[in-house]
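Read-outs throughout are calculated quantities, based only on the coordinates presented, and are distinct from any laboratory measurement. Everything numeric here is computed off the predicted structure, so don't read it as measured data. In this analysis, Cβ positions are derived from the backbone assuming ideal geometry, glycine residues included, and neighbour counts consider all displayed protein chains.
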Amino acid sequence: MAARVLDGAAVAQQIRSEVAPAVAAFTARAGRPPGLGIVLVGEDPASEIYVRNKLKSAAEAGLRADLRRLSAAARLEDLLAVVEQLNHSEAHDGILVQSPLPAAMGADAERRVFDLIRADKDVDGLHPINVGRLVQDRATLVACTPSGIIELLARSDVSIAGARAVVVGRSDIVGKPMALLLMHRHATVTICHSRTRDLPAAARTADILVSAVGRPGFLTRDFVKPGACVVDVGTTQVTDRTTVERLFAGTKRLETFEKRGALVVGDVHPEVADVAGALSPVPGGVGPLTIAMLLKNTVAAADSRYAVSRGWDGQERRRGHERRALVR
Ligand code: NAP
């Protein structure tokens, strides 16, 4: 039996339609739209596409979104200076530095950049203050991909409380915040990674299985308990015909590859659709949610900053309760 499709595009559209009145209300109140500063270093083709989509979605939602570009040869100091400008800008409520950064910037470049972004403008939820607040379940700015997945599950009537959840991947941007968000919603959570012994056996304990590895077709049916809900975070740009034929022989996706010469492929093997109870597709699953949550975070940051500038209090706490009420 084919798994129920978790329609990320539809849920993202719902979220965007909820964000629209909040954008209008902020703009009327503050006399300017919420502002997002995006910084792109270098010309990584995938990053170019992600950034273009973010700019387009932000503009459609009525946000002000500016792109600051730096060449691949830029020094880390140049990037830090741009972040500082955005930190001080009154017009920018959110700052997003697109990763990955060029390797030449050094192994600790991303950490230095994320540490420098003001916590109240950190719409990627990567600043240590926001991560700490997430650990304590009182965050206002949470990484967009995992918070989007929580929205997807909640709005698709997937029950989280009491479920056994397994997250494959332990990155700062997806795996760790995903595990925390699931735990806060009362799932019993296991985190797996490249050193996990007998990963398929661990994964098969899951009622909710989230894969954030970045290996096309890695998660086969052996990893999945029949009826489980499977969320595919992986997005790998595949140009190798053998991989595409192995995964998608005789399907429309192979035709798409023939036309474009490349295909975005998730971690989850297509055969999982025969075993899982529900499954998020790639594309059209987690990707659109990430952008919708970025818009939501930018408006939340704008509202919080405006409230602080007016000396209002209690707003942040209220919003935290509202958000939790929404997803429980
Ligand atoms: P990452 O930082 O590379 O982390 C990958 C994780 O997978 C690591 O924890 C790694 O384990 C684990 N892993 C690698 N090989 C493994 C194996 N053979 N068995 C078990 N675990 C393994 O990647 P990320 O930033 O979290 O992203 C993961 C994927 O999600 C990528 O495809 C990325 O493009 C995609 N993504 C999509 C969106 C979206 O909006 N759709 C957003 C963000 C990311 P170790 O820690 O042990 O190395």
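Give me the net charge for the shell around His127: Cβ to Cβ below 10 angstrom, other residues only, Lys and Arg +1, Asp and Glu -1.
Local net charge: -1.
What net charge is computed for the residues neighbouring Val158, neighbours being all others with C-beta under 12 Å from the C-beta of Val158, Lys and Arg scored +1, Asp and Glu -1?
Numbers: positive: Arg4, Arg155, Arg185; negative: Glu151, Asp157, Asp207.
Net of charged neighbours comes to 0.
What Kirkwood radius, in Å to one decimal, follows from the Cα pairs of the range 10-101? Before the final figure, lay out each step's value.
Values: mean 1/r = 0.0704 Å⁻¹.
Final number for the Kirkwood radius of the range 10-101 is 14.2 Å.
Suppose every K and R has +1 on its Cβ and every D and E has -1 on its Cβ; what is the size of the dipole of the range 136-199 about the Cα centre, in Debye to the nearest 20?
Computed about the Cα centre, the dipole is about 180 debye.
Where Lys and Arg each count +1 and Asp and Glu each count -1, what net charge lies around Met178 among other residues with Cβ under 12 Å from its Cβ?
For residues surrounding Met178, the net value is +2.
For the range 189-265, list log₁₀ I(q)/I(0) at each q in 0.23 Å⁻¹, using the Debye formula over Cα point scatterers of equal strength and ignoring solvent, two decimals each.
Log10 of I(q)/I(0), two decimals: -1.03.
Taking only complete DSSP H runs, can you tell me which helices of the chain stretch 20 Å or more along their own long axis by Cα positions and average at least -0.5 on the Kyte-Doolittle scale?
8-30, 286-309
Measure up Lys56/Lys176; Lys121/Lys176; Lys54/Lys121; Lys176/Lys225; Lys225/Lys296; Lys252/Lys296 against 27 Å on the Cα-Cα distance and list the ones that go over. Numbers along the way, then the final one.
Working: Lys56/Lys176 29 Å; Lys121/Lys176 21 Å; Lys54/Lys121 16 Å; Lys176/Lys225 23 Å; Lys225/Lys296 34 Å; Lys252/Lys296 34 Å.
Where the Cα-Cα span goes over 27 Å, the pairs concerned are Lys56/Lys176; Lys225/Lys296; Lys252/Lys296.
Translational D (Stokes-Einstein, µm²/s) of the chain at 37 °C and 0.692 mPa s when Rh comes from the Kirkwood sum over C-alpha pairs?
Translational diffusion coefficient: 160 µm²/s.
If each residue of separation counts as 0.36 nm, what is the full-extension length gain between Arg112 and Gln237 once their alpha-carbon separation is subtracted?
Difference between extended and current length: 42.2 nm.
For a quick protection proxy, order the peptides 104-111, 144-151 by their average other-Cβ count within 10 Å, most packed first.
144-151, 104-111
Going toward the positive end of the dipole of the chain, with +1 on Lys and Arg Cβ and -1 on Asp and Glu Cβ, which of Pro283, Gly261, Leu153 do you reach last?
Leu153
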